[in-house]
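The values are calculated or read from the model by the stated rules, or taken from the named source; none is laboratory data. Keep in mind the model is a prediction, meaning the values are calculated, not measured. So basically every Cβ, Gly included, is an ideal-geometry build from the backbone, and we count neighbours across all protein chains shown. For the accessible areas, the whole protein counts, side chains as well, though only heavy atoms, and no ligand, DNA or RNA atoms are used. Shrake-Rupley method; radii C 1.70, N 1.55, O 1.52, S 1.80 Å.
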Amino acid sequence: MDTLLLNSNCYDNMIYAAKLIRNGDIVGMPTETVYGLAADARNENAVANIFKAKGRPSDNPLIVHLSDFSEAVNYTSSIPDLAYKLAEKFCPGPLTMILPKNNLIPYITSGGLDTVGIRIPAHETARELIRLSGCPIAAPSANTSGYPSPTSARHVMDDMNGKIPAIIDGGNCKCGVESTVISFDDNSTVRILRPGFITPEDLRLAAPNVIIDKAILHGVSDGEKVTSPGMKYKHYSPSAKVVLVDAKLPDFISFFNSHSGNNVYCLVFDGDEINFSSNCLTYGADSAAQAHNIFARLRELDKIGAETVFVRFPDQKGIGLAVLNRLIRAAGFEVVKI
Ligand code: TXA
Ligand code: MG
């Protein structure tokens with residue numbers, strides 16, 4: 001089966017995509033963060049096929065996407081007041097709230113947990129697809145498990161051609177990193193399980209206490225209990241070996257020069273490239289630009305045959321925390337500090 005590319009601006013194409021979802025098929029869907037693999041969250045067969053297409057471990061739960069937060073009551077057993085407060089400020093948008101699920105969400109979707117991640121995407125095409133399908137939509141990022149997330153329809157095609165019937169092309173994703181995943185420790189405390197485009201500073205505007213889970217930057221050891229299964233797995237990695245280098249620019253340059261080779265590349269900030277004669281790519285001048293570009297650059301490095309990539313350690317304030325989290329995982333926690 002060849003995978004069909006659909007146009008998000010064509011109503012007939014959107015109707016067709018919704019029909020596929022209602023029939024239990026999977027559709028590549030643009031969102032403001034990254035592309036997702038969308039299917040009816042209530043349909044166990046459809047969800048099983050998502051896990052199969054991605055090669056994803058069955059204990060890693062899928063986020064359920066709704067067109068409005070008012071629908072969350074239909075799939076959860078209780079919602080804290082703080083969640084409503086956050087929804088008012090950040091929904092629709094790149095925020096996923098972990099809430100207790102009800103029995104309309106099957107355990108295959110929640111990875112065996114009693115909770116479900118609820119997200120209201122800001123991308124108009126995603127919300128239109130949810131409305132036209134008339135169901136809650138389970139959607140993990142549309143990459144092969146472990147590989148960098150897709151931020152264009154082309155990336156989804158690269159990973160999923162022949163595995164899913166269709167992809168809706170909605171252009172490049174605006175944010176470029178996935179949603180911020182949070183849980184509630186109590187009615188005044190949120191815990192960030194995965195940093196994303198909504199920053200800890202943003203959340204503090206609406207939540208009295210914001211805790212950043214320590215696994216975000218440190219990983220988990222074998223057998224350690226995790227608050228979010230995704231924390232356990234190697235993630236976001238291209239085939240090339242990624243090494244994060246925490247150094248001032250002059251030290252980064254000498255480190256890179258002493259490790260140079262044909263298939264050795266560096267990934268640095270905009271403006272740094274004038275210091276390198278070749279094998280250098282940039283990923284943005286500030287955190288928002290770096291978030292927007294990071295996954296596309298990691299994929300590009302594989303396309304040009306890079307075997308090793310030394311990446312300049314990003315600033316970790318604001319959206320930078322999400323960029324750092326993705327890079328640390330892409331590097332399998334290998335950080336060189338100079
Ligand atoms: O921006 C996004 O969130 C994208 C777009 C497509 O919406 N989706 C996405 O899904 O990134 P995925 O499956 O690639 O990542 C979901 C993360 C995983 O780390 C998973 O472990 C965590 O959210 N998660 C989902 N449901 C959870 C739950 N009930 N409890 C704890 N963690 C959960
Ligand atoms: Mg993912």
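With the condition kept exactly as written, say whether any residue in the range 17-24 is open to solvent by less than 10 Å² (accessible area, probe 1.4 Å), within 16 Å of ligand 2 (Cβ to nearest atom) and either touching a residue at least 24 places away in the same chain (Cβ under 8 Å) or not charged (D, E, K, R) (or both). No, every residue in the range 17-24 fails to be open to solvent by less than 10 Å² (accessible area, probe 1.4 Å), within 16 Å of ligand 2 (Cβ to nearest atom) and either touching a residue at least 24 places away in the same chain (Cβ under 8 Å) or not charged (D, E, K, R) (or both). Are any of the residues in the range 262-270 open to solvent by 30 Å² or more (accessible area, probe 1.4 Å), within 16 Å of ligand 1 (Cβ to nearest atom) and either in a helix (DSSP H, G or I) or of a type in the set (D, E, K, R) (or both)? No, there is no match, as no residue in the range 262-270 is open to solvent by 30 Å² or more (accessible area, probe 1.4 Å), within 16 Å of ligand 1 (Cβ to nearest atom) and either in a helix (DSSP H, G or I) or of a type in the set (D, E, K, R) (or both).
Let's see how each residue does on (1) more than 16 Å from ligand 2 (Cβ to nearest atom); (2) part of a loop (DSSP other than H, G, I, E, B); (3) open to solvent by 20 Å² or more (accessible area, probe 1.4 Å):
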residue: V220; (1), (2), (3): yes, yes, yes
residue: G223; (1), (2), (3): yes, yes, yes
residue: G230; (1), (2), (3): no, no, no
residue: Y236; (1), (2), (3): no, yes, no
residue: S239; (1), (2), (3): yes, yes, yes
residue: V242; (1), (2), (3): yes, no, no
residue: V245; (1), (2), (3): yes, no, no
residue: I253; (1), (2), (3): yes, no, yes
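Cβ-Cβ distances below 6 Å connect the following pairs, each with a first residue in the range 118-136 that is farther than 17 Å from F90 by Cβ, a second residue that is of a type outside the set (F, W, Y) and assigned to a loop (DSSP other than H, G, I, E, B), and a separation of six or more residues or different chains: T125/S8; T125/P30; T125/G170; I130/S67; R131/S67; P136/A41; P136/L66.
Within the range 219-241, the set of residues being at pLDDT 80 or above and among the hydroxyl-bearing types (S, T, Y) comprises T227, S228, Y236, S237, S239. Residues satisfying the criterion are present in the range 44-55 (criterion: open to solvent by less than 20 Å² (accessible area, probe 1.4 Å), within 9 Å of ligand 1 (Cβ to nearest atom) and among the basic types (K, R)).
Restricting attention to the range 209-218, which residues are within 16 Å of ligand 1 (Cβ to nearest atom), farther than 19 Å from G146 by Cα and surrounded by fewer than 18 Cβ atoms within 10 Å (Cβ to Cβ)?
Residues of the range 209-218 within 16 Å of ligand 1 (Cβ to nearest atom): 211-218.
Within this subset, residues satisfying the condition of being farther than 19 Å from G146 by Cα are 211-214.
Within the range 209-218, I211, I212, K214 meet the criteria.
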